1. Just to verify a number: FRET efficiency for residue 157 and residue 264, C-beta to C-beta distance, R0 = 25 Å, to 0.05?
2. Give me 13, 90 ranked fewest to most by other Cβ atoms within 10 Å of their Cβ, as a rough exposure proxy.
3. Say a paramagnetic label sat at a point 7 Å from the Cα of residue 188, along Cα to Cβ; which residues of region 95-139 have their backbone N under 11 Å from it?
4. With +1 on each Lys and Arg Cβ and -1 on each Asp and Glu Cβ, and nothing else charged, work out how big the dipole of region 73-144 is about its Cα centre, in Debye to the nearest 20.
5. Exceeding 20 Å between C-alpha atoms, which entries from my cross-link table qualify? They are 146/258; 224/258; 72/228.
6. If we count other beta carbons within 10 Å of each Cβ, what is the order of 189, 269, fewest first?
7. For region 67-80, what does the Karplus curve 6.51 cos²θ - 1.76 cosθ + 1.60, with θ = phi - 60°, yield as ³J(HN,Hα) per residue in whole Hz, taken in order and with x for Gly and Pro?
8. Measure of size requested: the Rg and Dmax of region 77-129, with Cα atoms as the atom set and Å as the unit; please supply both.
Amino acid sequence: MQEDRKAHLKKPDWLKVKLPDAYEYAHLKQKLKTNNLHTICESGQCPNIGECWKAGTATFMILGDICTRSCKFCAVKKGKPLPPDFSEPDRVAAAVASMHIKHCVLTSVDRDDLPDGGAAIWAETVRAIKKLNQNITIECLIPDFKGNYSHLQQLIDTKPEIISHNLETVRRLTKEIRVYANYERSLEVLHYINKAGITSKSGIMLGLAETEEEIYETMDDLLKVNCKILTMGQYLQPSYQNYPVKKYITPEKFSEYKHIALNKGFIYVESSPLVRSSYHAEKHL
């Protein structure tokens, strides 16, 4: 398997991205460092970091930067996390206020080491942000909380505008790519979110050896649980230790998938090689 990962495919020209603006990047990075905050932009090696940081936006990653799971696609550090920092919600809220953000996106590592999966910190962070930024809208990109609805409800009760939970890949590849996560459990989490009256959203990566039929099946599965906002992007292998890219999907094919998804019943679709879950998130409302 290791040899297969080293025999990686050459990136096509359409995956080239601009380097981030040096001044804006350094300014925002310093602000985050001063407040001891993390972003998925950096930890997840997002290809859109230049575009987003130039616009002064970032996706804040709470509950530390070490994940308790070992998903094969992910660049985030794995291992034993530090204890939760209960001052973090206020620091995130202060940073959001100082950046004059109108739509805030939050995410977190998986914290299976905590009894509530980090739900209390999640809820307190949303409340702290809304307290300091009364006109702000919030999207929460969450883990599955092991399917525990009482933990999920803590976050739902804070009433963020969108709660997002990614399927990441098709049913057949879930066990291999996401390892601990469960495809059906993720669908159930999205279904619970919708039943609670919160708008849900999900995303998948392409290029992991999924078939077209499996992509369409995934779309149908999301629609069955009333999830109607979808993001699709090209999987990019963060390192040789991660799962290899099996195929690069053309921009034209991504456009075709977007057209099909909209015809199936999705109300908003982001679909192109560099799309990530938080890309243009303010438009998803």
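1. Numbers: r = 32 Å, r/R0 = 1.26.
About 0.20, to the nearest 0.05.
2. Least to most surrounded, the residues fall as 13, 90.
3. So the set is empty, nothing qualifies.
4. Working: 9 positive and 10 negative charges, 58 e Å.
Rounded to the nearest 20 debye, it is 280 debye.
5. With Cα atoms farther than 20 Å apart: 146/258; 72/228.
6. Ranking 189, 269 by Cβ neighbours within 10 Å, fewest first, gives 269, 189.
7. In residue order, the calculated couplings are 9, 7, 10, 10, 4, 6, 8, 9, 8, 5, 4, 10, x, 9 Hz.
8. Values for region 77-129 (Cα only, Rg and Dmax): 12.1, 34 Å.
Every read-out reported here was derived from the displayed coordinates using simple, explicitly stated rules and does not represent laboratory data. Here the structure is a predicted model, which means the values were calculated and not measured. Here the Cβ is made from the backbone with ideal geometry for all residues, glycine too, and neighbour counts use every protein chain on show.
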